[in-house]
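Step one of this worksheet: look at the structure below.
The values are calculated or read from the model by the stated rules, or taken from the named source; none is laboratory data. Source: prediction; values computed, not measured. Here the Cβ positions follow ideal geometry from the backbone for every residue, glycine too, while neighbour counts run over all protein chains shown. Ligands, DNA and RNA are excluded from the accessible area calculation, which covers all protein heavy atoms including side chains. Shrake-Rupley method; radii C 1.70, N 1.55, O 1.52, S 1.80 Å.
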Amino acid sequence: PDQTKKFGDGSLLTTGENGRDKVDMSYMNFYHKLYGEAFIDLCERSLKRMKDAYSRHENSKGSSFRGSIIGISSPGCNAAYSMTPGYDMPGSGKCLMEFSIRHYALSAAQYGINCNIIIPGVTRSDAWDKVAEQQGLSDKEAIFARSKGMIPMGDVAEAKDIGDVVAFLSGHGGGKFMTGLSLRVDGGLHLSRMGVGKPKQ
C-alpha cells in the first residue's frame, strides 16, 4: 500500500461513481489489519491459553502461574510521543495496540498475566536497507550515523537491547509487576524529539 497517504491532505479522497467525493479507507484498513487486528487476534488466543494454564496451576497445590503479553509498537503512535510525519497509516494501526494493551492489562491481571508494549527507537536491522534506498543513501549505516546525533545516549539500539527488555517484562529481573505500559526503549530519542536534543560534550 501507498505509505504517502496522509490524514487531512486530501490524499484519501477519490471520486465516486456519482461524481461525489469518497474517502478510500483501504490504506488505513490495511494497516489496521496488519497491526491492530492481528495484535488483537494474538492477544485473544494467547489469553485463552494462559487462562487455561492459570486454572491448571491454581488446582495444583503450591503452584502459581505467570504469563506475559508484549507487543512492539513504533514512535509517534501515542499522545506521550511527538508525531512521526508520514507515518499516518501505519501509526493508525499501531495506536490500537497501545490503546488495547491497557484494557488487556486490566482484565488479565487477576490471572497473573502482565501486558505491555515496547516502543523501540532506531534499532539496527536489515529493514533499514530499504529506507536508505528510498532516501538515496548508500546503506543503512548512513542512517544510523545520522540518527546517532539525535539520540542522547549517542548510539542506535541492537536487537538484544530490545530482547533484554522483553525478558525483563517476562519476569527475568522483576518486571512481572509492570503492566499496562507503553515503554520507550530508544536511548532518549523521545527527548530529542521534544526539543531536548543530545547534550553537548
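For the stretch 124-133, the set of residues classified as in contact with a helix residue (DSSP H, G or I) (Cβ under 7 Å, 6 or more places away or on another chain) and modelled with pLDDT under 80 consists of W128, D129, V131, A132, listed by residue number.
So in the stretch 97-110, with the set limited to residues that are surrounded by fewer than 19 Cβ atoms within 10 Å (Cβ to Cβ) and of a type outside the set (A, V, I, L, M), which one is farthest from G154 (Cα to Cα)? Out of the qualifying residues, it is Q110. Just one of the listed residues (G136, G121) is at pLDDT 75 or above, of a type outside the set (A, V, I, L, M) and either at positive phi or open to solvent by less than 10 Å² (accessible area, probe 1.4 Å) (or both), and it is G136. Kindly indicate whether A53 is over 24 Å from D161 (Cα atoms), without any contact (Cβ under 8 Å) to a residue 60 or more places away in the chain and aliphatic (A, V, I, L, M). Criteria met by A53.
The one condition from (1) in contact with a Leu (Cβ under 8 Å, 6 or more places away or on another chain); (2) basic (K, R); (3) part of a strand (DSSP E or B) that R184 does not meet is (1).
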